[in-house]
Amino acid sequence: MYIVPEKEIAGLMTREAAFDAVEKVFAAMASGDAYNFPVVREAIGHEDALYGFKGGFDRAGLTLGLKAGGYWPNNLEKRGLINHQSTVFLFDPDTGKAKAMVGGNLLTALRTAAASSVSIKHLARKDAKVIGMIGAGHQAKFQLRAALEQRQFEKVIGWNLHPDMLPNLQEVADEAGLPFEAVELDGMREADVIISITSSFDAILNTAQVSPGTHIACMGTDTKGKQEVDPQLLVAADVFTDEVAQSISIGETQHAVAQGLIQEADVAQIGAVINGTNPGRTSGDQITLFDGTGVGLQDLAVAASVVDLAVEQGIAIEVDF
Ligand code: NAD
């Protein structure tokens, strides 16, 4: 089997490779060639850690495996380690033999950014000029970098509950040579694309703060109880997601569905748009909303891609296992 350590991922994986891997696996999910296994997530009663597994099988890409990991809130303070820790394990679908073990920390950020980026490619207006960020933490920088590659954006605007984190967004805008402006939530009306990536448990953005024709990618809500936008926004928008079952249980649509404002049938898979079986955006006035909940198959897809790159470049460690 191959081992690709976390420290090698940055030098191997590109945003383009992550984008391609995620776009392909979303398409495979919608055509029934790939499916995610039920997620396990447990508070283990040690170090306040949340630990779990996200797995799946992609019959089209022949990728079988799981991501194991979670959140150890004391890591940084006690040990100087990052709090989110994960590892991806891949198996040979023909034999069940372990195939690869891959550091999953950076890959998680790249695959999450690739998901919103895929949604922008397929759902945002072609003439989108202003991108609005809600959230300015670790993931927000990855999200913004990836999104800026999808349209000819001319300006970045941002809001964050903790304004001291806004320089993170400024830094990415500077890298891209774009102006950055911190705005109030009402200022989001200027945005053609909005990405929300926060740890919020209450709605931040409401319908009146979104202009017709906007594409919104809600990326922060990945757990029961979390929330980033007013449920009425899901009524106003055409709603897409990575996986419908996950979206209505732990994603942004959980609230609108629980309140009876929308039904499960109102939520479409982004993969269907990629495959051309769902028309996606059909007018310049439509609000589109992508609920990116984060599925195991995304992790497996980027891990498989990084293993190929590592083997190609002679970086993968091969062990007889
Ligand atoms: P982070 O701790 O670096 O940043 C957290 C962000 O949320 C900051 O902008 C912070 O100001 C904001 N925030 C915190 N509490 C808030 C509140 N009560 N109301 C509004 N904003 C609040 O975290 P991160 O690594 O950037 O992750 C952000 C979110 O993305 C988390 O909720 C994480 O679980 C989620 N996430 C989702 C996926 C996915 O696939 N969908 C993948 C990875 C992470």
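Laboratory data are not the source of any read-out in this text; all were calculated from the coordinates shown. Since the model is a prediction, treat every value here as computed from it, not as a measurement. Note that each Cβ is placed from the backbone with ideal geometry, even for glycine, and that neighbours are counted across all protein chains shown.
With the Cα gyration tensor of the range 229-321 giving a ≥ b ≥ c as the square roots of its eigenvalues, does the rule (a/c under 1.5 for rounded; else a/b larger than b/c for prolate; else oblate) give rounded, prolate or oblate?
Numbers: a/c = 3.61, a/b = 2.21, b/c = 1.63.
Prolate, because a/c is 1.5 or more and a/b exceeds b/c.
Taking every pair of alpha-carbon atoms in the range 74-116, give the share separated by more than 12 Å as a whole percent.
On the way: 624 of 903 pairs.
Roughly 69 percent, rounded to a whole number.
Which of 321, 26 comes first, and how do the rest follow, when ranked by fewest Cβ neighbours within 10 Å?
On the way: 321 10, 26 31.
Ordered by Cβ neighbours within 10 Å, fewest first: 321, 26.
Normalised by the number of residues in the chain, what is the relative contact order in percent for Cα pairs under 8 Å and 6+ residues apart? Don't skip to the end; give the middle numbers.
Values: 736 pairs, mean separation 70.8, N = 321.
Computed over the chain, the figure is 22 percent.
Starting from the alpha-carbon convex hull of the chain, give the projected area averaged over all orientations, in nm². Provide the component values of the computation, followed by the final result.
Numbers: hull surface 65.4 nm².
Result: 16.4 nm².
Roughly what angle does helix 15-30 make with the longest principal axis of the chain, taking Cα atoms, 0 to 90 degrees, to the nearest 10?
For 15-30 against the chain, the angle is about 90 degrees.
Give me P(r) over the range 175-271, computed from all C-alpha to C-alpha distances, binned every 5 Å, as integer percentages.
3, 13, 24, 26, 18, 9, 5, 2, 0
Can you tell me the orientation of helix 296-312 relative to the chain, as the angle in degrees between its alpha-carbon axis and the longest Cα principal axis, to the nearest 10?
Around 60 degrees separate the two axes.
Scaled to the compact-protein estimate 2.2 N^0.38 Å, what is the alpha-carbon radius of gyration of the range 117-194, rounded to two decimal places? Walk me through the numbers before you get to the answer.
Values: Rg = 11.3 Å, N = 78, 2.2 N^0.38 = 11.5 Å.
So the Cα radius of gyration is 0.98 times the expected 2.2 N^0.38 Å.
Contour minus end-to-end for residue 62 and residue 186, with contour as 0.36 nm per residue of separation and end-to-end as the Cα-Cα distance? If you can, show how the numbers build up before the last one.
On the way: separation 124, 0.36 × 124 = 44.64 nm, distance 4.61 nm.
Once the chain is fully extended between residue 62 and residue 186, it gains 40.0 nm.
On a C-alpha basis, how far is the centre of the range 234-270 from the centre of the range 58-113 in Å? Whole number, if you could?
27 Å
At 0.36 nm per residue, and after removing the present C-alpha to C-alpha distance, how many nm does the segment from residue 149 to residue 105 gain when stretched out fully? The partial results should precede the final answer.
Details: separation 44, 0.36 × 44 = 15.84 nm, distance 2.23 nm.
Result for the pair: 13.6 nm of gain on full extension.
Fewest to most neighbouring Cβ within 10 Å: what's the order for 162, 255, 84? Present the calculation step by step, with values, prior to reporting the outcome.
Numbers: 162 10, 255 21, 84 18.
Ordered from fewest to most neighbouring Cβ atoms within 10 Å, 162, 255, 84 come out as 162, 84, 255.
Comparing 69, 104, 296, which has the greatest mean-square fluctuation in the GNM of the chain with Cα pairs linked when under 10 Å apart?
69
At a threshold of 8 angstrom on Cα-Cα distance, excluding pairs fewer than six apart, so keeping six or more, what relative contact order does the range 125-294 reach in percent?
Details: 369 pairs, mean separation 36.2, N = 170.
Averaging sequence separation for qualifying contacts and normalising by length gives 21 percent for the range 125-294.
Quickly rank 116-128, 39-51 as a protection proxy: mean count of other C-beta atoms within 10 Å, highest first.
116-128, 39-51
Taking the dipole about the Cα centre of the range 117-274, with the C-beta of Lys and Arg at +1 and of Asp and Glu at -1, give me whichever of 193, 183, 261 is farthest to the positive side.
Checked the options; the winner is 193.
For the range 241-308, what is the charge dipole size about the Cα centre, in debye to the nearest 20, if Lys and Arg each add +1 at the Cβ and Asp and Glu each add -1 at the Cβ? Each step should come with its number before you reach the end.
Values: 1 positive and 9 negative charges, 25 e Å.
Using only the charged Cβ atoms, the result is roughly 120 debye.
For the range 125-294, divide the Cα radius of gyration by the Kirkwood radius and give the resulting Rg/Rh value with two decimals.
Across the range 125-294, the Cα-based Rg/Rh ratio is 0.94.
Among residues other than residue 93 whose Cβ falls under 15 Å from its Cβ, what is the net charge (Lys/Arg +1, Asp/Glu -1)? It would help to have the intermediate numbers written out before the result.
Values: positive: 59, 97, 99; negative: 33, 58, 92, 94.
Once all neighbours under 15 Å are counted, the net charge is -1.
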